[in-house]
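Sharing a structure, written as structure tokens. Questions coming.
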Amino acid sequence: MKLSEIKKELNSLTTIAFQLPNGELVPNHFHVTEVGKVTKHFIDCGGTIRNEEIANFQLWEANDYDHRLHPEKLVHIIELSERVLNMPDLEIEVEYQMKDTIGKFSLGFDGTNFLLTSKETTCLAKDNCGIPAEKIKAKIGEWKEKASCCGSDAVCC
């Protein structure tokens, strides 16, 4: 989800809810403690120099159980960040404190809740890293008998 998309969705909501991948909701007294622009400048394992930019939201919960962040306030925070940090319309990554570490999530929306979706690592240089492509496994019963190249109608023999 991009910054423009979350602002559009927030403008149609009266409350904000974030749902974790396991279906649980982030407690509704959460804070958005930062909206930032993160730049990652790196070299992948194939030697390609890469630059990535994302918008980072950090969710945090304290013991102020009566706190509620309203959609219009979050839109204001996002717009201030865009202006002050000169942020283009970036993809959003959300940080949220899990049991033992900070979780990083992509963001979606189901019409009611903002969905924190799991992220996975991958090789960015699959053509250069030397890991063989996975073999395709055929299921028993899906095998087809190979046609002979030397049959009566073949042109190769």
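Of the conditions (1) closer than 24 Å to F42 by Cα; (2) modelled with pLDDT under 95; (3) loosely packed, with under 14 Cβ neighbours inside 10 Å; (4) within 24 Å of the chain's Cα centre (by Cα), N128 satisfies every one except a single condition; which number is it?
The single condition N128 does not satisfy is (4).
Now for a different question. Scan E79, E34, E72, E24 and give me the residue that is within 30 Å of L124 (Cβ to Cβ), at pLDDT 95 or above and among the acidic types (D, E).
Checking each option against the conditions leaves just E34.
Among the numbered criteria (1) charged (D, E, K, R); (2) modelled with pLDDT under 95; (3) surrounded by 11 or more Cβ atoms within 10 Å (Cβ to Cβ), which one does D66 miss?
(3)
Would you point out which residue out of G46, G36 is of a type outside the set (K, R), in contact (Cβ under 8 Å) with a residue 40 or more places away in the chain and in contact with an Asp or Glu (Cβ under 9 Å, 6 or more places away or on another chain)?
When all the criteria are applied, what remains is G46.
Please indicate, with yes or no, whether at least one residue in region 7-21 is part of a strand (DSSP E or B), among the small types (G, A, S) and either closer than 18 Å to N113 by Cβ or modelled with pLDDT of 95 or more (or both). Write out each step before concluding.
So the first thing to find is which residues in region 7-21 are part of a strand (DSSP E or B), and the list is 18-19.
With the extra rule that they be among the small types (G, A, S), the set shrinks to none.
No - not one qualifying residue is present in region 7-21.
Which one of these is farther than 30 Å from G130 by Cβ, surrounded by 14 or more Cβ atoms within 10 Å (Cβ to Cβ) and not acidic (D, E): K73, K37, K8, K104?
Matching residue, one of K73, K37, K8, K104: K37.
List the pairs whose first member sits in region 60-88 and is without any contact (Cβ under 8 Å) to a residue 60 or more places away in the chain and among the basic types (K, R), whose second member is assigned to a loop (DSSP other than H, G, I, E, B) and exposed (fewer than 13 other Cβ atoms within 10 Å of the Cβ), and whose Cβ atoms are under 9 Å apart, counting only residues at least 6 apart or on separate chains?
R68/T15
The values are calculated or read from the model by the stated rules, or taken from the named source; none is laboratory data. Every value quoted in this text rests on a predicted model; they were computed, and no experiment measured them. Glycine gets a Cβ as well: all are built from the backbone with ideal geometry, and neighbour counts include every protein chain shown.
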